[in-house]
Structure formats: C-alpha cells, structure tokens
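Contents: one structure, followed by commentary.
The values are calculated or read from the model by the stated rules, or taken from the named source; none is laboratory data. Keep in mind it's a predicted model, so treat the numbers as computed, not measured. Glycine also receives a Cβ, built like all others from the backbone with ideal geometry; neighbour counts cover every protein chain displayed. To get the accessible areas, we keep the full protein, side chains included, count just its heavy atoms, and leave off ligands, DNA and RNA. Shrake-Rupley method; radii C 1.70, N 1.55, O 1.52, S 1.80 Å.
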Amino acid sequence: MTLQHTPNRSDIILTGDRATGPLHLGHYVGSLKQRVELQHANQQTILVADMQGLTDNAHQPSKVASNILNVVADYLAVGIDPDKTTICLQSQLPALAELTMFYSNLVTMSRLERNPTVKSEIQSKGFERSIPVGFMTYPISQAADISAFHATLVPVGDDQLPMIEQTNEIVRKLNGLAGEAILTECRPLLSNAPRLPSTDGKNKMSKTMGNTINLGASEREISAAVKSMYTDPYHLRVEDPGRVEGNVVFTYLDAFHPDKGYVDELKAHYQRGGLGDGKTKKILEECLQELLQPIRARRADYLNDKAQLVDILRKGSQISREKTETVLHSVKAVFGLNIL
Ligand code: TRP
C-alpha cells in the first residue's frame with residue numbers, strides 16, 4: 001500500500017514528462033492541474049525528459065525533438081508560470097547523464113528486470129528480447145533526475161511508483177557509502193483524481209493509439225472524439241436503463257463537469273432509462289469545448305513565438321545546470337574522484 005503524501009511548504013518538487021507527444025486531458029487531470037496549484041507555495045521544477053523519450057524512440061528521434069516546444073507550450077497554456085516553476089530540458093543538464101553512470105554501479109540487472117512498470121512497457125512496446133539498454137536502465141536515469149534536485153516530493157501517476165522506490169534505494173545506497181546524507185529521499189505525490197480512461201474505454205491513454213484528447217485539440221477533433229466515445233454497449237434504445245460504470249462519457253463528466261449535482265442527476269436518469277447517449281455526449285462536448293477553448297488559444301499564441309519558448313527553456317536549464325552540478329560534485333566526492 002502506498003501512503004498518500006501531502007505537500008509541505010518546504011517540499012522541493014520535481015516532475016517530468018517524456019517529450020514524445022503533445023500533452024492530453026489525462027495529463028491535465030492527473031498532474032498538470034496539481035502542478036499549477038503547487039507552484040504557488042513550493043519550489044517546483046519540471047523536466048522535459050527528452051533523453052528518456054529517446055529510450056524507446058531512437059529510431060525516430062524527430063518524435064522527441066519536434067515535441068519539446070509543444071510540451072512547453074502545453075505547460076504554459078494550462079497556467080504553469082515560468083517565473084514560479086523552473087522548466088528545463090533534460091539533455092541540457094549533463095550532470096544527469098553523469099549521475100546515471102555513477103548510479104548504474106549501485107543497481108543490479110535483476111533489480112532492473114523486476115521493475116513492474118518497465119516489464120509491462122517491454123510487453124506493450126513489443127521489444128521482446130531487443131530491449132534498448134537505455135530503456136532498461138531509464139529508472140536509474142530517473143533516479144538521477146530526482147536526486148539531482150534534492151527533490152522531496154515527486155507528483156506522479158501510480159505507474160511511476162516503482163521509479164520512486166528505485167530512486168530511494170539508490171539514495172540510501174549512496175548515503176550508506178558516504179556515511180552521511182548526501183542525497184535526499186523523496187515521496188510520491190499521487191493525484192487524487194482517478195486515472196482518466198482512453199476515449200475508446202479500452203486502454204490507458206496513448207499518444208500513438210489516437211484515443212486521447214490533446215490539450216491543443218481543435219473544436220472538430222473534440223467533437224469527433226466525444227461522438228466516438230465508448231458508452232454502454234447494451235444501452236440500445238433511449239428508454240432502456242443504462243450503465244454508468246465503465247461508460248467513458250460519465251467518467252469524463254465526473255472529471256470535468258463543474259456541477260457535480262447535475263452529473264449525479266444525469267447518472268440517475270441514465271440508469272432509470274430515458275436519457276440517450278446523444279444527449280450525454282452533447283453535454284460533455286459543451287463542457288470540454290469550454291475548458292479547452294482558452295487553453296488551445298494560449299497554446300497557439302505560445303507556439304507562434306518559439307523564441308520565447310526556447311528562452312524559457314534556456315533560462316530554466318541554466319538554473320538547473322548549476323543545481324545538478326553541485327549534487328554531481330558531492331557524488332563524485334563519495335567515490336573519491338574530485339582529484340582535479
Ligand atoms: N517517467 C516519466 C514519464 O513517463 C517522465 C520522467 C522523467 C519523470 N524524469 C522524471 C517523472 C522525474 C518524474 C520525475 O512521463
């Protein structure tokens with residue numbers, strides 16, 4: 001069981017996203033909204049994880065390169081403020097790669113093979129025996145990301161809990177070698193919003209499967225996605241009673257509709273019979289159009305000024321470079337390598 005941790009003002013927060021596609025509604029309810037709140041009271045860094053993105057995309061690097069600024073525009077569009085949150089680019093922080101090398105010596109292959117998230121990703125990505133070494137070892141690199149900032153709180157989805165565990169194991173090993181607390185242990189911060197299902201109700205949302213609604217989705221894309229949403233397959237006629245459990249339209253109404261009482265009434269009506277899917281979808285569509293219209297507009301404005309986005313990343317990376325190098329220096333000292 002994982003304890004739910006709450007943030008303190010003294011917490012140092014680090015989160016990251018693989019830059020492999022634009023961010024979607026799942027990111028919004030699962031973590032972006034929370035980050036917007038956290039930035040007011042806490043020191044927060046967001047890492048655009050381009051190097052981790054490459055661990056399964058090295059054969060198509062443009063998938064990562066072309067999405068870096070999209071992801072930054074997504075952050076800004078939902079209200080992450082670069083004056084409050086440091087936004088930086090992983091590949092601009094060489095200390096992270098160096099820490100990964102040092103930490104690699106503290107982790108066994110069998111430990112990596114036991115990581116349940118990596119295991120299921122290997123399955124879903126169809127690697128079989130051809131697993132890139134970079135992919136297999138990304139939990140070590142993520143431990144470098146987290147520990148290099150002395151992060152104490154890491155907002156993540158539950159699939160990332162094994163990475164937090166791995167990070168703390170490395171932190172304890174290194175501190176054990178040092179005989180003092182050089183690195184800081186961290187706690188996960190899970191979102192209290194349930195994981196948003198994909199629009200087809202089948203799978204986890206996936207950028208590649210086309211079952212997501214991106215934050216930059218056009219009006220037509222939103223409309224088409226809602227119309228094709230999975231509902232209750234046995235709800236054939238409007239007058240039939242319908243099921244709301246597993247009905248994606250209701251899951252999204254729960255997640256996004258501001259009036260919970262109204263959603264409860266809709267659910268009761270649907271369960272009694274007499275409420276059609278066309279109607280529930282129309283209500284959901286209106287609510288999503290209203291939510292995403294201003295986000296889409298701000299996102300487009302930011303993407304029209306790429307120089308500004310690059311500048312934000314450059315400044316954030318500069319600040320972070322200094323922080324992460326300090327940690328690298330103390331880790332090298334543990335191995336007796338600060339000779340020169
Ligand atoms: N693994 C995270 C993801 O799948 C991305 C990530 C990279 C991350 N480094 C991190 C998350 C550090 C939290 C902390 O999106």
* Would you say A333 is assigned to a helix (DSSP H, G or I) and open to solvent by less than 40 Å² (accessible area, probe 1.4 Å)? -> no
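Inside segment 193-251, can you point out the residues that are among the hydroxyl-bearing types (S, T, Y) and under 19 Å from D74 (Cβ atoms)? Talk me through it step by step, then tell me what you get.
We begin by selecting, within segment 193-251, every residue among the hydroxyl-bearing types (S, T, Y); these are 198-199, 206, 208, 212, 218, 223, 228, 230-231, 234, 251.
Correct list: S198, T199, S206, T208, T212, S218.
For residues that are charged (D, E, K, R) and touching a helix residue (DSSP H, G or I) at 6+ places or on another chain (Cβ under 9 Å), scanning just segment 18-39, find the one that is nearest to A225 (Cα to Cα).
Out of the qualifying residues, it is K33.
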* Structure fact -> Taking segment 311-329 and keeping residues in contact with a Leu (Cβ under 9 Å, 6 or more places away or on another chain), open to solvent by 60 Å² or more (accessible area, probe 1.4 Å) and over 21 Å from T184 (Cβ atoms) leaves R314
* With the condition kept exactly as written, say whether any residue in segment 274-283 is in a loop (DSSP other than H, G, I, E, B) and buried (at least 20 other Cβ atoms within 10 Å of the Cβ). => yes
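Could you list all residues from segment 180-213 that are aliphatic (A, V, I, L, M), open to solvent by 30 Å² or more (accessible area, probe 1.4 Å) and at pLDDT 90 or above? Let's see the steps before the verdict.
Taking segment 180-213 first, the residues aliphatic (A, V, I, L, M) are 181-183, 189-190, 193, 196, 205, 209, 213.
Applying the additional criterion that residues be open to solvent by 30 Å² or more (accessible area, probe 1.4 Å) yields 181-182, 190, 193, 209.
Matches in segment 180-213: A181, I182.
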* List, please: which pairs have Cβ atoms under 9 Å, are six or more places apart or on different chains, and start with a residue in segment 113-124 that is on the phi < 0 side of the Ramachandran plot and end with one that is among the charged types (D, E, K, R) and not in a helix (DSSP H, G or I)? -> E121/D56; I122/E128; S124/K204
* Of everything in segment 144-179 that's crowded, with 18+ Cβ neighbours inside 10 Å and near the ligand (Cβ under 8 Å from one of its atoms), which residue is farthest from S124 (Cα to Cα)? -> A151
